[in-house]
Amino acid sequence: MKILVIYGPNLNLLGKRDPAHYGTRTLSDINDALARKASELKVELATLQSNSEGTLIDFIQEQTDGAAGIIINPGALTHYGLSLRDALADTGLPVIEVHLSNIHARERWRTKSVIAPVARGQISGLGWRGFLAALDLLVQLLEEND
Ligand code: DQA
């Protein structure tokens with residue numbers, strides 16, 4: 001079973017971005033933790049970070065066949081990335097949206113997600129552990145098919 005793990009703009013700078021919102025772990029720390037969890041769960045990950053919406057969409061389109069689900073932190077595209085939203089919806093795959101910070105407790109413009117309506121669910125505010133929880137839950141949802 002292959003799961004896509006996708007990170008949007010500026011998430012390459014984790015570790016240097018405001019730790020009060022995003023913690024101190026780097027993207028490679030998070031990917032290492034996800035790789036360990038994936039091997040426990042016996043699933044395969046295909047991972048991409050990009051600062052460009054088009055590159056994210058190309059990856060989603062290329063990887064859809066053969067993928068079982070998607071975990072995505074869209075960065076600020078969360079709030080206005082309608083092409084990204086359409087690309088996710090077009091896959092027909094279950095999507096879990098993850099945010100390190102609690103987007104509902106920050107500036108008002110961050111509280112709106114254009115991705116959430118096409119996601120199976122959202123994890124927000126639980127830091128890097130949110131990605132691990134998302135992987136666990138997505139695999140359970142796919143295996144139990146409910
Ligand atoms: C974020 C929240 C977004 O509002 C922000 O633009 C990010 C990160 C988060 O993980 O908390 O880049 O998606």
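The values are calculated or read from the model by the stated rules, or taken from the named source; none is laboratory data. Fair warning: this is a prediction, and the values are worked out from it, not measured in the lab. Note: ideal-geometry Cβ built from the backbone for every residue, glycine included; neighbour counts use all protein chains shown. With ligands, DNA and RNA removed, areas are computed over all heavy atoms of the protein, side chains included. Shrake-Rupley method; radii C 1.70, N 1.55, O 1.52, S 1.80 Å.
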Selection within segment 96-132 - surrounded by 14 or more Cβ atoms within 10 Å (Cβ to Cβ), away from the ligand (no atom under 14 Å from the Cβ) and without any contact (Cβ under 8 Å) to a residue 60 or more places away in the chain: VAL118, ARG120, GLY121
Residue match in segment 30-40 (condition: within 17 Å of LEU142 (Cα to Cα), buried (at least 17 other Cβ atoms within 10 Å of the Cβ) and not charged (D, E, K, R)): yes
Elements of type helices (runs of 4 or more DSSP H) in segment 1-85, at least 1 residues being within 14 Å of the ligand (Cβ to nearest atom) and touching a residue at least 60 places away in the same chain (Cβ under 8 Å): 19-22, 27-41
Residue match in segment 138-146 (condition: buried (at least 16 other Cβ atoms within 10 Å of the Cβ), assigned to a strand (DSSP E or B) and in contact with a helix residue (DSSP H, G or I) (Cβ under 8 Å, 6 or more places away or on another chain)): no
Count of segment 31-50 residues which are touching a helix residue (DSSP H, G or I) at 6+ places or on another chain (Cβ under 8 Å) and either farther than 19 Å from PRO9 by Cβ or among the aliphatic types (A, V, I, L, M) (or both): 10
Single unsatisfied condition, ARG36 versus (1) in contact with a Gly (Cβ under 6 Å, 6 or more places away or on another chain); (2) over 16 Å from ARG120 (Cβ atoms); (3) not hydrophobic (A, V, I, L, M, F, W, C): (1)
Test set (1) away from the ligand (no atom under 16 Å from the Cβ); (2) part of a helix (DSSP H, G or I); (3) surrounded by 15 or more Cβ atoms within 10 Å (Cβ to Cβ) - LEU93 fails condition number: (2)
Qualifying residue in segment 12-25 (condition: closer than 19 Å to LEU135 by Cβ, at pLDDT 95 or above, of a type outside the set (Asp, Glu) and open to solvent by 70 Å² or more (accessible area, probe 1.4 Å)): yes
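Anything in segment 57-73 that is out of contact with any Asp or Glu (no Cβ under 7 Å at 6 or more places or on another chain) and under 19 Å from LEU135 (Cβ atoms)? List them, or say none.
Just the residues of segment 57-73 that are out of contact with any Asp or Glu (no Cβ under 7 Å at 6 or more places or on another chain), to begin with: 57-71, 73.
PHE59, ILE60, GLN63, THR64, GLY66, ALA67, ALA68, GLY69, ILE70, ILE71, ASN73, listed by residue number.
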